[in-house]
Structures are given as structure tokens and as C-alpha cells.
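The values are calculated or read from the model by the stated rules, or taken from the named source; none is laboratory data. Since the structure is predicted, the reported quantities are computational estimates derived from the model, not experimental observations. With ideal geometry, Cβ positions are generated from the backbone for all residues, glycine too; neighbour counts draw on all protein chains shown.
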Amino acid sequence: MNSPKSLNKKPKNLLDLITINWESLDESQKIVLTKIWKVLTYKWQLQILFNLPFLIWWLLDVSIIKVHEFDLKLLTYLNLPDWALALIGFGQATT
């Protein structure tokens with residue numbers, strides 16, 4: 001029978017594994033990996049920055065009813081064809 005002392009305690013969490021491996025690296029390896037990570041995430045940061053206004057508008061649309069009503073009113077003023085409304089998720093698609 002295994003006792004708690006005899007069990008091998010390995011971290012089961014991915015974040016713990018990453019942390020343990022990061023702490024075991026040399027400073028030069030940490031610097032190189034940090035630079036690589038900054039280059040990789042640079043475009044992600046730009047993508048988030050560019051999409052932030054749309055994310056804010058979507059959150060307002062979901063949480064505030066007046067914003068949603070404004071969106072629907074704006075769509076009716078545009079007088080879009082049925083296929084365009086179906087394409088953006090409003091109205092019924094014709095088959």
C-alpha cells in the first residue's frame with residue numbers, strides 16, 4: 001500500500017509544469033525565450049488592439065438593451081436586401 005510519502009508528487013497542472021521548467025533555466029536561456037515570446041505575441045497584441053472597439057461595441061450590445069435597439073433601428077434604415085440580412089444573422093435565409 002502506498003503512503004503519501006512514497007508517492008511521487010509531480011505537478012499535474014500545466015501552469016505548475018511551466019513554472020518549474022522556467023525556474024530551472026539559466027538566465028541566458030530566459031532572456032532568449034523572453035525575446036522570442038515578445039516577437040510571437042507582438043502581432044497578437046496588435047490584433048487585440050485593432051479588435052478592441054468591436055469587442056467593446058459587442059459587449060455594449062449584449063449588456064445594454066438601448067444599444068441593441070439602436071443596432072436594429074440602424075439596420076432597418078439601411079434597407080438591406082434579405083440575403084444581406086441573412087448573411088449577418090438577421091432575418092430568414094431564403095432557400
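Please list, ordered by residue number, the helices (runs of 4 or more DSSP H) wholly in region 26-95 having 2 or more residues that are of a type in the set (Val, Ile, Thr).
27-63, 65-78
When you check Asp61 against the structure, is it modelled with pLDDT under 85 and either surrounded by 10 or more Cβ atoms within 10 Å (Cβ to Cβ) or assigned by TED's automatic domain parsing to the domain that holds Ile88 (or both), yes or no?
yes
Spot the failing condition for Ser24; the list is (1) within 26 Å of the chain's Cα centre (by Cα); (2) at pLDDT 90 or above, and only one is missed.
Of (1) within 26 Å of the chain's Cα centre (by Cα); (2) at pLDDT 90 or above, only one is false for Ser24: (1).
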